[in-house]
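Visitor: I'd like to ask some things about the structure below.
The values are calculated or read from the model by the stated rules, or taken from the named source; none is laboratory data. Just so it is clear, the model here is predicted, and its values are computed rather than measured. When we count neighbours, we look across all protein chains shown, and the Cβ atoms used for this are built from the backbone with ideal geometry, even at glycine.
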Amino acid sequence: MIIDARGVPCPKPVLMAEESLNGMPEGIVEVWVDNEASVANLSRFATKSGMVPETFAENGYWRVKIAKGYPCDIAAAEESIPFPKKKKDILLIVGTDTIGKDESLGRILIKGIFETMKVTKELPHTIFFLNTAIRLTTTDDDMIPLIREFADMGVEIFTCGTCMKHFDLEKELKVGYRGTTNHIVEGMKDFEKTVWIG
């Protein structure tokens with residue numbers, strides 16, 4: 001069964017896959033999506049449900065195959081998206097692009113926090129940017145190279161899709177991937193610690 005969920009916002013692709021899988025004792029559901037957040041959410045859903053996910057990159061979208069009910073070898077392709085298993089120690093949620101009442105000082109402080117994390121190598125597993133913090137991954141030329149270094153060091157970077165739409169910055173994302181509130185909700189359970197800034 002193929003579900004074309006391209007253009008469908010999270011978490012709907014997961015709900016569509018779940019509904020189809022619930023209606024079969026065994027089989028394979030293939031979901032087509034056009035954003036990395038949905039790919040990650042579908043893979044997490046399948047793994048937590050005891051099923052086997054495989055992801056393949058196509059031209060402008062991804063195919064996520066989910067096998068249910070029997071051992072299944074789905075042929076892997078070179079373009080498969082890797083999802084390395086790392087210890088989920090800290091989820092860092094950043095909700096502002098400045099700290100405190102003084103805006104100019106606040107920008108210095110927020111950059112200082114990130115620079116200190118980089119230098120000391122005290123890195124979280126995942127950083128989720130929301131509200132005005134989305135400017136740090138979209139329009140802030142000082143912060144974008146620094147956050148890109150975090151991504152290069154293996155930190156997963158997500159920026160709130162709803163927030164980018166609100167601020168009309170959907171086309172400006174410079175580092176990481178579009179994220180959803182699902183990352184926060186699951187983070188409260190999956191991560192050892194959740195830390196908020198702002």
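Yes or no, residue by residue, for (1) of a type in the set (V, I, T); (2) surrounded by fewer than 17 Cβ atoms within 10 Å (Cβ to Cβ):
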position	(1), (2)
G23	no, yes
V31	yes, no
D34	no, yes
W62	no, no
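Visitor: Which pairs do you get when a residue that is among the small types (G, A, S), found in the range 164-187, comes within reach of a residue that is in a helix (DSSP H, G or I), reach meaning Cβ atoms under 8 angstrom, with the pair 6+ apart or on two chains?
Guide: Once the first residue is among the small types (G, A, S) and sits in the range 164-187, its partners that are in a helix (DSSP H, G or I) give G176/T137; G176/I147; G176/A151; G179/A37; G179/G161.
Visitor: Are any residues in the range 157-178 assigned to a helix (DSSP H, G or I), under 23 Å from I99 (Cβ atoms) and of a type outside the set (A, V, I, L, M), and if so, which ones?
Guide: T162, C163, H166
Quick grid of which residues meet (1) in contact (Cβ under 8 Å) with a residue 40 or more places away in the chain; (2) in a helix (DSSP H, G or I):
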residue: A17; (1), (2): yes, yes
residue: L21; (1), (2): yes, yes
residue: P25; (1), (2): yes, no
residue: I28; (1), (2): yes, no
residue: A37; (1), (2): yes, yes
residue: L42; (1), (2): no, yes
residue: G50; (1), (2): no, no
residue: N59; (1), (2): no, no
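Visitor: Scan the range 179-192 and tell me whether some residue there is within 27 Å of D102 (Cα to Cα) and among the polar types (S, T, N, Q).
Guide: No, that holds for no residue.
Visitor: Of all residues in the range 22-39, how many are out of contact with any Phe, Trp or Tyr (no Cβ under 7 Å at 6 or more places or on another chain) and not polar (S, T, N, Q)?
Guide: Looking only at that region, the number is 8.
Visitor: Next up: Tell me yes or no: at least one residue of the range 138-152 is more than 27 Å from D190 (Cβ to Cβ), of a type outside the set (V, I, T) and surrounded by 18 or more Cβ atoms within 10 Å (Cβ to Cβ).
Guide: Checked against the condition, which is being more than 27 Å from D190 (Cβ to Cβ), of a type outside the set (V, I, T) and surrounded by 18 or more Cβ atoms within 10 Å (Cβ to Cβ), the range 138-152 yields at least one hit.
Visitor: Could you check the range 36-51 and list, in sequence order, the residues that are touching a Ser or Thr at 6+ places or on another chain (Cβ under 6 Å) and surrounded by 22 or more Cβ atoms within 10 Å (Cβ to Cβ)?
Guide: V39
Visitor: Being in a helix (DSSP H, G or I) and of a type in the set (D, E) is the requirement here; does E186 meet it?
Guide: yes
Visitor: Mind telling me which of the residues N22, N41 ends up being within 21 Å of the chain's Cα centre (by Cα) and at pLDDT below 90?
Guide: Checking each option against the conditions leaves just N41.
Visitor: Which of the residues belonging to the range 52-110 are acidic (D, E) and at pLDDT 65 or above?
Guide: Hits for the range 52-110 are E54, E58, D89, D97, D102, E103.
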